[in-house]
Amino acid sequence: MPDTALPILDVRGLKTVFRTRGGEVHAVNSVDFHLRPGELLGVVGESGSGKSVTMMSLLRLLPSPPAEMRDGSVMFDGQDLLKISSEELRQVRGSRIGFISQDPMTSLNPVYTVGFQLAEPLRAHLGMSKAEARARSVELLKLVGISDPERRLKDYPHQFSGGMRQRVMIAIALACDPKVLIADEPTTALDVTIQAQIIELVKDLRKKLGMAIIWITHDLGVIAGIADRVMVMYAGQVVEEGPVGEIFRDPQHPYTQALLKTVPAVRGPRAERLQVIEGQPPIMHDAPDACSFRNRCQYAFDRCAEANPALTPVHVPGHRAACFLLDTAATKEPEAVDG
Ligand code: SF4
């Protein structure tokens with residue numbers, strides 16, 4: 001995939017605020033990013049970093065209220081998804097952008113068979129007849145590695161194991177041959193062996209179908225072998241982005257450096273979930289006017305409390321990080337971070 005290809009998805013200045021009883025929460029703060037055709041972008045950050053809310057915002061999946069989109073544009077295929085009608089957006093979500101959530105049980109409807117849930121988007125968006133939709137549903141279940149697909153179409157979601165339900169979700173997301181697939185922590189609820197199988201499946205499907213993928217995860221280790229580019233989020237902002245090899249070889253932001261130090265060298269059945277640096281991402285009651293990471297950063301200095309660092313180009317094209325250490329060219333190798 002050439003670096004110069006025009007983006008299929010181009011997000012600019014996205015801002016999302018939640019109105020809560022305790023005041024406003026600035027969950028997404030001027031996020032810019034793009035996705036090129038066929039590319040796999042890994043979006044990484046701890047829970048509460050704003051990665052899922054960013055993706056839900058661009059698909060307009062957040063309930064409003066309490067969510068409020070304050071600003072930004074989301075250009076997809078020549079349309080701004082924030083400006084089109086709800087009906088147009090339903091068409092886009094159902095056919096041209098597929099979405100896989102963390103927990104298939106909350107996305108699959110327990111009272112309908114898997115066959116019905118696969119056929120529904122095919123009939124609604126592609127106008128297929130019942131027989132055509134059934135044939136395509138069988139194909140889709142085969143594609144995601146579910147054996148005996150004709151029989152399994154009659155089963156309900158609870159009759160599938162966790163890993164198989166996630167495969168069904170992937171089949172539904174792929175039903176209309178989307179150009180973009182957004183996968184929100186798709187392996188988090190699964191055990192390590194099944195996780196590895198789902199990752200292999202997505203790699204294989206990407207090769208076969210050529211769609212672009214956004215893979216959201218809290219675990220940098222998961223995307224090491226599959227992503228082209230990585231975007232690291234913290235407190236609703238992008239703090240670093242770049243080619244995957246560059247992010248692993250030469251991370252510039254102290255948060256990325258700390259995240260990397262927590263990736264287990266050997267992932268096995270005993271590997272634990274990512275344990276990150278002490279403390280939590282802050283709840284942003286105001287738009288950021290200082291570095292949001294300063295309370296957890298071992299390099300913080302006066303300036304970090306006075307302004308919010310912007311993304312700055314590093315050495316390699318496409319690699320950018322938001323840290324004042326880059327301005328002083330004094331980035332140093334961090335000490336080991338406990339955890
Ligand atoms: Fe740390 Fe300051 Fe860089 Fe923020 S701007 S990551 S606080 S050194």
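Quick notes
- Solvent exposure of segment 103-175 amounts to 49 Å² per residue of accessible area, where only protein heavy atoms count and the probe is 1.4 Å.
- A simple count of charges around residue 19, restricted to other residues whose Cβ falls under 12 Å of its Cβ and scoring Lys, Arg +1 and Asp, Glu -1, yields 0.
- Rounded percent of accessible protein surface that carbon and sulfur make up, segment 103-175, 1.4 Å probe: 53 percent
- A simple spin-label model places the labels of residue 79 and residue 12 1.9 nm from each other, with each point 7 Å out along Cα-to-Cβ.
- When nucleic acids and ligands are ignored and a 1.4 Å probe is applied, residue 18 ends up with an accessible area of around 40 Å².
- Solvent-accessible area of residue 140 with every protein chain in place, 1.4 Å probe, in Å² to the nearest 10: 0 Å²
- Rounded, prolate or oblate (a/c below 1.5 giving rounded, otherwise prolate when a/b exceeds b/c) for segment 12-165 by Cα gyration tensor: prolate
- Debye equation applied to the C-alpha atoms of segment 103-175, log10 I(q)/I(0) at 0.21 Å⁻¹: -0.81
- Fully extending the segment from residue 290 to residue 87, taken as 0.36 nm per residue of separation minus the present Cα-Cα distance, adds 69.1 nm.
- Range of Cα positions in segment 2-68 per principal axis (Å), largest first: 47, 22, 18
- Here the label points at residue 68 and residue 203, each 7 Å from Cα along the C-beta direction, are separated by 4.6 nm in the simple model.
- Separation in nanometres of the label points that stand 7 Å from Cα toward Cβ, at residue 278 and residue 196: 3.5 nm
- Alpha carbon centroid spacing (whole Å) that separates segment 16-71 from segment 98-162: 28 Å
- Net length gained if the chain between residue 126 and residue 155 were fully extended (0.36 nm per residue, minus Cα distance): 8.1 nm
- Estimated [θ] at 222 nm from DSSP helical runs (n ≥ 4, -39500 (n - 2.57)) normalised by residues in the chain, nearest 500: -8000 deg cm²/dmol
- GNM top mover of 290, 133, 212 - the chain, alpha-carbon springs below 10 Å: 290
- Potential extension, residue 20-residue 147 segment - 0.36 nm per residue separation minus Cα distance: 41.1 nm
- Accessible area per residue was computed with a 1.4 Å probe on protein heavy atoms; residue 255 scores about 0 Å².
- Gaussian network model of the chain, Cα within-10 Å springs - most flexible of 178, 157, 110: 110
- The residue list 253, 141, 74 was ranked by how far each Cα lies along the charge dipole of the chain toward its positive end, using unit charges on Cβ atoms, and 141 comes out on top.
- For residue 237, the residues whose modelled amide H falls within less than 5 Å of its own, excluding neighbours fewer than 5 places apart on the same chain, are 29.
- Where Rh is the Kirkwood radius over Cα pairs, Rg/Rh for the chain: 0.98
The values are calculated or read from the model by the stated rules, or taken from the named source; none is laboratory data. Just so it is clear, the model here is predicted, and its values are computed rather than measured. A quick note on method: Cβ atoms are made from the backbone with ideal geometry, for glycine too, and the neighbour counts reach across all protein chains shown. All accessible areas refer to the heavy atoms of the entire protein, side chains included, with ligands and DNA or RNA removed. Shrake-Rupley method; radii C 1.70, N 1.55, O 1.52, S 1.80 Å.
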